[in-house]
Amino acid sequence: MSRIEYSINAVRSATSTETPRVYGRHVFGNLYDCDVNILSNEEKLREVVVEAAKIGNMTLLDVKSWRIGYGVSVVAVVLESHITIHTWPEYSFATVDVYSCGMHTNPDEAFNYIVNALKPRRVEKRVAERHLE
């Protein structure tokens, strides 16, 4: 099993002790040296976003996917926002976004599930808290 390196940059809103009126958490990143067979498998990637939504406690509304050249783009619309995967198998590269509005959800767990499924050797992960205080 290869070692995964994480590079994390967190973008945070002003600190407040009150519960925000709007709570949003956006977890996104770049995945390098991924499993090429998974990156080019549209059906597998659709299954990954469906399971990620379950793991993140999100309400799945729809999943759409497209083959673009060698790669695949998958968009899962969730009641709380969205999950996306865009792949470039020819470069063993993928980008992932998990954005959720709702304190009952866990976009970090959804993102981590996708990372494990795509089997990258290196991950750059970023987190943006998108709250309205």
Per the list (1) within 13 Å of Val27 (Cβ to Cβ); (2) crowded, with 20+ Cβ neighbours inside 10 Å; (3) over 10 Å from the mean Cα position of the chain (by Cα), residue check on Val96 breaks on (3)
Restricting the range 57-93 to residues that are of a type in the set (Ser, Thr, Tyr) and closer than 16 Å to Lys44 by Cβ, the one surrounded by the fewest Cβ atoms within 10 Å (Cβ to Cβ) turns out to be Tyr70
Checked the range 77-98 for anything within 23 Å of Val36 (Cβ to Cβ), in a strand (DSSP E or B) and in contact (Cβ under 8 Å) with a residue 40 or more places away in the chain; matches are Ile85, Thr87, Trp88, Phe93, Ala94, Thr95, Val96, Asp97, Val98
Restricted to the range 99-133 and to residues being assigned to a strand (DSSP E or B) and in contact with a helix residue (DSSP H, G or I) (Cβ under 9 Å, 6 or more places away or on another chain), the residue surrounded by the most Cβ atoms within 10 Å (Cβ to Cβ) is Ser100
Here the residues within the range 21-76 that are touching a Leu at 6+ places or on another chain (Cβ under 6 Å) and assigned to a helix (DSSP H, G or I) are Ile38, Ala53
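Quick note: the coordinates plus some simple rules give every number you see, no bench work behind them. Owing to the predicted nature of the structure, the values given are computational and were not obtained by experimental measurement. Cβ sites come from the backbone with ideal geometry, for glycine too, and all protein chains shown count toward neighbours.
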